[in-house]
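A.B. asks: Structure in structure tokens, see below.
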Amino acid sequence: MKRTSKKNKPFWERAYKGHVLWLGKTKLGKVTLRIAHNVDPKGKYQWEAAGRAGFTDELDKAKAAVEFAVMAADKQLDLFK
């Protein structure tokens with residue numbers, strides 16, 4: 001018999017004007033659609049995760065940036081612990 005781990009995996013949930021990355025009941029990060037993206041050249045989507053934030057023009061790139069920030073924060077040792 002094979003044993004499989006029942007580890008929770010993060011999943012994306014669609015929200016009003018954005019997406020949120022959840023792990024159980026913990027919010028890991030979010031991607032929001034910027035309202036004035038036509039005026040400001042930063043980008044169409046804004047992402048925030050693990051104390052980092054950024055802008056991009058594509059939703060897939062924003063989601064990938066959130067997932068990378070969460071993964072990197074998980075491996076980063078705490079400085080003051």
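The values are calculated or read from the model by the stated rules, or taken from the named source; none is laboratory data. Just so you know, these numbers come straight off a predicted model, no measurement behind them. We work out accessible area using only protein heavy atoms, side chains counted, and drop any ligands, DNA or RNA first. Shrake-Rupley method; radii C 1.70, N 1.55, O 1.52, S 1.80 Å.
A.B. asks: Just the number please: accessible area per residue for the chain, 1.4 Å probe, all protein chains included, in Å². Present the calculation step by step, with values, prior to reporting the outcome.
C.D. replies: Numbers: 7010 Å² over 81 residues.
Using a 1.4 Å probe on heavy atoms only, each residue of the chain averages 87 Å².
A.B. asks: In deg cm²/dmol, rounded to 500, what helix-only [θ] at 222 nm does the chain give when every DSSP H run of at least 4 residues adds -39500 (n - 2.57) and the total is split over its residues?
C.D. replies: After summing the helix terms and dividing by residue count, I get -7000 deg cm²/dmol.
A.B. asks: Helix 59-75 against the longest principal axis of the chain: what's the angle in degrees, Cα atoms only, rounded to the nearest 10?
C.D. replies: 40
A.B. asks: Checking the cross-link filter: which lysines have an alpha carbon closer than 23 Å to that of residue 6, excluding same-chain neighbours under 8 positions apart?
C.D. replies: 25, 27, 75
A.B. asks: Now for a different question. With a 1.4 Å probe and all protein chains in place, put 14, 34, 52 in order of accessible area, largest first.
C.D. replies: 14, 52, 34
A.B. asks: Could you check how much of the accessible area of the chain is carbon and sulfur, as a whole percent, using a 1.4 Å probe?
C.D. replies: Numbers: 3720 of 7010 Å².
Carbon with sulfur: 53 percent of the solvent-accessible area.
A.B. asks: Choose one answer from 50, 69, 15: the residue with the largest mean-square fluctuation in a GNM of the chain with alpha-carbon springs under 10 Å.
C.D. replies: 15
A.B. asks: Can I ask one more? Using Cα-Cα distances under 8 Å and only pairs 6 or more residues apart, what relative contact order does the chain have, in percent?
C.D. replies: Relative contact order for the chain comes out at 17 percent.
A.B. asks: With N set to the residue count of the chain, report its C-alpha Rg divided by 2.2 N^0.38 Å to two decimal places.
C.D. replies: Relative to the 2.2 N^0.38 Å estimate, the chain comes out at 1.30.
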